[in-house]
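Just below is one structure, and these are the notes that go with it.
The values are calculated or read from the model by the stated rules, or taken from the named source; none is laboratory data. Bear in mind that the values here come from a model prediction, so they are computed numbers and not experimental data. Note that we place each Cβ from the backbone using ideal geometry, even for glycine, and neighbour counts take in every protein chain shown. Ligands, DNA and RNA are excluded from the accessible area calculation, which covers all protein heavy atoms including side chains. Shrake-Rupley method; radii C 1.70, N 1.55, O 1.52, S 1.80 Å.
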Amino acid sequence: MNKQASEVWITGVGLVSCFGEGAEHHWNVLSGDKAPAPIRDCERFAPYCVHPLPEIDWSAQIPRRGDQRQMENWQRLGTYTAGLALDDAGVKEDEDLISTMDLVVAAGGGERDIETDNSIMNDATSRNDRDHLLLERLPNDLRPTLFLAQLSNLLAGNISIVHKVTGSSRTYMGEENAGITAIENAAARIAAGQSTHALVGGSYNAERPDLLLSMELNHLLARDSNAPVWARQEAGGGVICGTAGAFLVLEAADFARARGAKCYAKIASIKSDLGSREEAATHTRIAAMFDETVGERTIDAVISGAAGSAPITALELAALRERFGADMPIRAFTSLTGHPLEANFPLGVALAALALKNHHFYPPFEQAETAADRQPASILVTAFGSWKGEGVAVVEAV
Amino acid sequence: MSKQYQDHLGRPIIVVTGMGVVTSLGRGKDDNWAALTSGTSGIRKISRFPTDGLNTEIAGTVDFMNAEEVSAPAISYAMADATTEEAMSQAGFGRDGFPGPLYFAAPPVELEWQHRFALMEEQTQGEPGYDRLHRSARADKHENMHSLIQLGTIAYRIADNYGTKGLPISLSTACASGATAIQQGIEAIRRGDTQAALCVASDGSVTCEGLIRFSLLSALTTQNEKPEKASKPFSKDRDGFVMSEGSAALVLETLEHAKNRGARILGTVMGVGEKADKFHRTRSSPDGVPVITAMREGLADAGLEDKPVDYINAHGTSTPENDRMEYNSLKAIFGDAIESIPISSNKSMIGHTLTAGGAVEAVFSFLTMQTGTIPPTINYDNPDPDIPLDVVPNVKRDAQVNTVLSNSFGFGGQNACLVLGADVA
């Protein structure tokens, strides 16, 4: 996002987290005098906690049962949240606008059939010819539709089918970096005049033993821990995953003005990078990213997507305090919502947009965080991946 | 920017200065081109895993890469590294740095059965299943297994090996991914974000489960008896695609950047068109409008409007529906002229390289222009009378080709069409 031919406005926000659904609902829950208690399930996947899916009537955004059946919860959640964002922007019924809208999705891999996997593993204990076991079981046990629920780009495909967003369609992958790239790409295209309006975001289903396994192979998860994300670092850190969806409608300022759209805020700058997580290299890289995005701007507050894993989350906090001072109000939303990997950065940008629109900042989400003493006009959003990659954005009031 | 470096819309002319390719036909441009122009098929009976009783027992596997293990991520990475090395070397960039970002069309990777079984064996107690796998994971770090199955890993490794700039980007638009990677490079250069971009695509996901999944969608051919004859795009008796592996890498840069550093120019990337389809998860709109729109936008972007191109590198999967839909869409654009534009499907020989297809076929399109040889559509023994096209049947053809339309369509309503040109110099 180098040159800005156009300002990039956030005109629609769709959110689902353990707290429920909707942009306004999230603002109401999160912006009171005191942060809400996080909603966690620490039994089902013990010793890991997850933030669960709230109660949802899928039909409200995915009216056709047939469409719902073609998806599992990751895609349902994304498609549902995308619909919330379109509704919030007031464009859902505008066929001309929707059919030319660019779609940019951050996706992981889709659901497996856990029961089938477990059952095959069970059979495998008494078999040496496991290749043949797979031949016997998989053709009969795999549901054809499950493949489509698995393909990364089929979240975008379902959004096109259900909501008719068909200008263009790209899906980015790579855990947290998928979300960073998605926002960065959509904003860059709008800023450069390559796009006028885009739907961008992602979703994550934390309640999946296969995904928890994927992270735990590298010991990234917090075990038997209920602590908020900064406090968790004292005990070695670790990720607590959270089911969430976050989608934004982004528009070129002129395009939004012409249709009389409301504006939450604008994305003023974004930077992403990846490199060694060794302390000195990380420090240098983060400092350079702050220089490029923040420059001479005054930052009033920080929305952090702190993943929770060591060493990056502790390095992030140190870098933020070094650059912006110990009194800077920093809010790590992952303490409340859990960490929704691909949806992390879209969720952070959405929470910044809500605060800027409401001219107010959130209360501390945990003890280590300082209360805000002024209404924010410029918020830094971070997403430092649990394993690799970092992104930062400055979101400003319009 | 002086006029000589601008395209018809005043944007920087984008050229290709390095290419690499791996398919079931071999490693590198030379081996692939020799096989492709001699009408050789890379499709054979699968030997990687038993296929007894499966409807489909053939594929275009790449079994010669010495990957660190036999798994989709490992094979995909090995191929991506090989094609990137070939492209970078041709473009004159070493391993010490590339002045632009990486756009990588990434295959779907996840934990595979061999990994699940291995993790299961690490514990002797407890019910087999994910709980037990979790206990194995907790007991010991499995850093390499973790790294292999993260969706961003191949791009991270390629970026690290060749020193590309910024966050390496992994993307998927299913079977259009290879074209999308090139499209992203084009857009970044046109935005002025960079003067150069490395676009790579790779797919080595012929696993037992991967094959069965496609088979359950009835997407694959079941003509197992003569594997080399099974992929028969535009033939009357075509009955599905052949799942295949491959990779391609292309170095894109502005003409000005290439000239200033004295690079040899292999061709131009003239334009790209894209349009998403809302009709169905695996099928195109019956009216063909999204596909037609993607092609039209690509031609307009290239400054060709509806003018005939010299050659069309078809998506041509050999499924009953795709080939008919592709013909109908081309007919809608070019009218009767379509019957005299040569069009061939590389997939008749290499099968469908899925994520990699668009990039692999872009490399072959450039080689077509460079060598003046159009590779044939093989296995064209029983023409489909409803698809009256000049498919360059069975034998290569010498022809001067200056413009190519290369089509890529994917599940999820993905349509991306590249318009490629011969050397501008």
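The residue that is surrounded by the most Cβ atoms within 10 Å (Cβ to Cβ), among those in segment A:105-116 that are touching a helix residue (DSSP H, G or I) at 6+ places or on another chain (Cβ under 7 Å) and at the interface with chain B (Cβ under 10 Å from one of its Cβ atoms), is A:105.
Scanning segment B:213-225 for residues that are buried (at least 19 other Cβ atoms within 10 Å of the Cβ) and either assigned to a loop (DSSP other than H, G, I, E, B) or not assigned by TED's automatic domain parsing to the domain that holds residue B:247 (or both) turns up B:219, B:221, B:223. Within segment A:17-25, the presence of at least one residue that is small (Gly, Ala, Ser), closer than 22 Å to residue A:227 by Cα and either part of a strand (DSSP E or B) or open to solvent by less than 60 Å² (accessible area, probe 1.4 Å) (or both) is confirmed.
Check A:78, A:66 and return the single one that is of a type in the set (Gly, Ala, Ser), in contact (Cβ under 8 Å) with a residue 24 or more places away in the chain and within 14 Å of chain B (Cβ to nearest Cβ).
It is A:78.
Please pick out the residue among B:318, B:329 that is assigned by TED's automatic domain parsing to the domain that holds residue B:407 and not in a helix (DSSP H, G or I).
B:318
Residues that are hydroxyl-bearing (Ser, Thr, Tyr) and touching a residue at least 60 places away in the same chain (Cβ under 8 Å): does segment B:333-342 have at least one? Looking through segment B:333-342, none of the residues is hydroxyl-bearing (Ser, Thr, Tyr) and touching a residue at least 60 places away in the same chain (Cβ under 8 Å).
Which residues, counting only those in segment B:300-326, are closer than 15 Å to residue B:405 by Cβ and surrounded by 21 or more Cβ atoms within 10 Å (Cβ to Cβ)?
Passing the criteria: B:301, B:302, B:309, B:311, B:312, B:313, B:314, B:315, B:316, B:326.
Give me the residue from segment A:117-169 that is more than 8 Å from chain B (Cβ to nearest Cβ) and in contact with a Ser or Thr (Cβ under 6 Å, 6 or more places away or on another chain) and, out of that set, surrounded by the fewest Cβ atoms within 10 Å (Cβ to Cβ). So the residue we want is A:141. Against the test of being crowded, with 21+ Cβ neighbours inside 10 Å, at pLDDT 95 or above, in contact with a Pro (Cβ under 9 Å, 6 or more places away or on another chain) and of a type in the set (Val, Ile, Thr), the options A:286, A:267, A:240 yield a single qualifying residue, A:240. The set of residues in segment A:345-395 being in a helix (DSSP H, G or I), open to solvent by 20 Å² or more (accessible area, probe 1.4 Å) and in contact with a helix residue (DSSP H, G or I) (Cβ under 8 Å, 6 or more places away or on another chain) consists of A:358 alone. Whether a residue is of a type in the set (D, E, K, R) and outside the structural domain of residue B:202 (by TED's automatic domain parsing) was assessed, and residue B:138 passes this test. Pairs are defined by a Cβ separation below 6 Å, a sequence spacing of at least 6 or placement on different chains, a first member in segment B:350-373 that is farther than 18 Å from residue B:233 by Cβ and at pLDDT 95 or above, and a second member that is among the charged types (D, E, K, R) and open to solvent by less than 10 Å² (accessible area, probe 1.4 Å); the pairs so defined are B:355/B:203. The set of residues in segment B:282-292 being under 21 Å from the mean Cα position of the chain (by Cα) and in a helix (DSSP H, G or I) consists of B:290, B:291, B:292. Restricted to segment B:234-249, and to residues that are farther than 29 Å from residue B:18 by Cα and not hydroxyl-bearing (Ser, Thr, Tyr), which residue is most open to solvent (accessible area, probe 1.4 Å)? Taking the candidates together, the pick is B:236. Is it the case, given these coordinates, that residue B:58 is surrounded by 22 or more Cβ atoms within 10 Å (Cβ to Cβ), more than 14 Å from every other protein chain (Cβ to nearest Cβ), more than 18 Å from the chain's Cα centre (by Cα) and of a type outside the set (S, T, N, Q)? Yes, satisfied. Within the option set B:395, B:391, being at negative phi, touching a Pro at 6+ places or on another chain (Cβ under 6 Å) and not polar (S, T, N, Q) holds for one residue only, B:395. Selection within segment A:84-143: residues that are hydroxyl-bearing (Ser, Thr, Tyr) and assigned to a helix (DSSP H, G or I). The member of this set that is nearest to residue A:72 (Cα to Cα) is A:116. Against the list (1) crowded, with 23+ Cβ neighbours inside 10 Å; (2) among the polar types (S, T, N, Q); (3) not in a strand (DSSP E or B), the condition residue A:11 fails is (3).
Of the residues making up segment A:179-207, just one is of a type in the set (D, E, K, R) and either more than 9 Å from chain B (Cβ to nearest Cβ) or free of Cβ contacts under 8 Å to residues at least 40 places away in the same chain (or both), namely A:207. Between B:228, B:297, the distinction of being open to solvent by 10 Å² or more (accessible area, probe 1.4 Å), part of a helix (DSSP H, G or I), over 24 Å from residue A:168 (Cβ atoms) and in the same structural domain as residue B:190 (by TED's automatic domain parsing) belongs to B:228 only.
Would you confirm, using the coordinates I've provided, whether residue A:85 is under 24 Å from the mean Cα position of the chain (by Cα), in contact (Cβ under 8 Å) with a residue 12 or more places away in the chain and facing chain B (nearest Cβ under 8 Å)? Here the answer is no, as residue A:85 does not meet what is asked. Applying the criterion of being within 15 Å of residue B:370 (Cα to Cα) and within 15 Å of the chain's Cα centre (by Cα) to the residues of segment B:22-45, the residue that is least open to solvent (accessible area, probe 1.4 Å) is B:32. Within segment A:190-199, the set of residues being part of a helix (DSSP H, G or I) and open to solvent by 10 Å² or more (accessible area, probe 1.4 Å) is empty. Looking only at residues in segment B:144-163 that are within 10 Å of chain A (Cβ to nearest Cβ) and of a type in the set (Ser, Thr, Tyr), the one that is farthest from residue B:420 (Cα to Cα) is B:147. Being under 26 Å from residue A:139 (Cα atoms) and open to solvent by 10 Å² or more (accessible area, probe 1.4 Å) is the filter; apply it to segment B:173-212 and report the residue that is farthest from the other protein chains (Cβ to nearest Cβ). Going through the qualifying residues, I end up with B:205. Whenever a residue of segment B:108-126 is free of Cβ contacts under 8 Å to residues at least 40 places away in the same chain, its partners that are not in a helix (DSSP H, G or I), lying with C-beta atoms within less than 6 angstrom and at least six residues away or across chains, give the pairs B:110/A:109; B:120/B:128.
Per-residue answers, yes or no, for (1) closer than 22 Å to residue A:168 by Cβ; (2) without any contact (Cβ under 8 Å) to a residue 60 or more places away in the chain; (3) within 20 Å of the chain's Cα centre (by Cα):
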{"residue": "B:268", "(1), (2), (3)": "no, no, yes"}
{"residue": "B:301", "(1), (2), (3)": "yes, no, no"}
{"residue": "B:318", "(1), (2), (3)": "no, no, yes"}
{"residue": "B:326", "(1), (2), (3)": "yes, no, yes"}
